[in-house]
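**Student:** Following this message is one structure expressed as structure tokens.
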Amino acid sequence: MNWDSYSDWWWPFIFILLAGALPTYLFRVMGVIIGGRISEDSEALVFVRCVATALVAGVVAQLILYPNGELANSPMWLRVGAAAAGFAAYLIAGKRLLVGIMVTEILIIIGLLSL
């Protein structure tokens, strides 16, 4: 079963629901059921947080080092500099995530418009 299995207009929507949303919701329900029974300081939850943080760091590194789309047209120094400035702003603002993201986005936009 794949995207082109049926030629009906509604098939892509059913395919997205079955292949994308249903497995996601299944794991979310399992997480809610199991998560209520696990202590916040347990080894399992610490491991899950570490893996989740590593995945986010990997995605950010991939966006900086191997971008696609419009970001690929920007020089490496702009991407690395904006990320470093955003991280510095995050730390200076008392670890407020929104501040770090906004500084990074603003610097990327200004940099792309000025090139």
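**Student:** Which condition number in (1) at pLDDT 95 or above; (2) exposed (fewer than 13 other Cβ atoms within 10 Å of the Cβ); (3) within 16 Å of the chain's Cα centre (by Cα) is the one that ALA83 fails?
**Tutor:** (2)
**Student:** Further, regarding this structure: For the stretch 4-48, which positions are assigned to a helix (DSSP H, G or I) and either aromatic (Phe, Trp, Tyr) or touching a residue at least 60 places away in the same chain (Cβ under 8 Å) (or both)?
**Tutor:** Selection gives TRP11, PHE13, PHE15, TYR25, PHE27, PHE47.
**Student:** Now for a separate question. In the stretch 8-59, how many are under 30 Å from ARG79 (Cα atoms) and among the β-branched types (Val, Ile, Thr)?
**Tutor:** So the answer is 5.
**Student:** Right, here's the next one. Mind checking which residues of the stretch 56-100 are in contact (Cβ under 8 Å) with a residue 24 or more places away in the chain and in a loop (DSSP other than H, G, I, E, B)?
**Tutor:** Result: SER74, PRO75.
**Student:** Continuing with the same structure: Looking at GLY58, is it closer than 30 Å to THR104 by Cβ and not assigned by TED's automatic domain parsing to the domain that holds GLU105?
**Tutor:** No.
Let's see how each residue does on (1) loosely packed, with under 11 Cβ neighbours inside 10 Å; (2) on the phi < 0 side of the Ramachandran plot; (3) not charged (D, E, K, R):
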| site | (1), (2), (3) |
| --- | --- |
| ALA21 | yes, yes, yes |
| VAL32 | yes, yes, yes |
| ARG37 | yes, yes, no |
| SER42 | no, yes, yes |
| LEU55 | yes, yes, yes |
| GLN62 | no, yes, yes |
| PRO67 | no, yes, yes |
| ASN73 | yes, yes, yes |
| ALA88 | no, yes, yes |
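The values are calculated or read from the model by the stated rules, or taken from the named source; none is laboratory data. What you are looking at is a predicted structure, and each value in this text was computed from that prediction instead of being measured. Because the Cβ atoms are built from the backbone with ideal geometry, glycine has one as well, and the counts that use them run over all protein chains shown.
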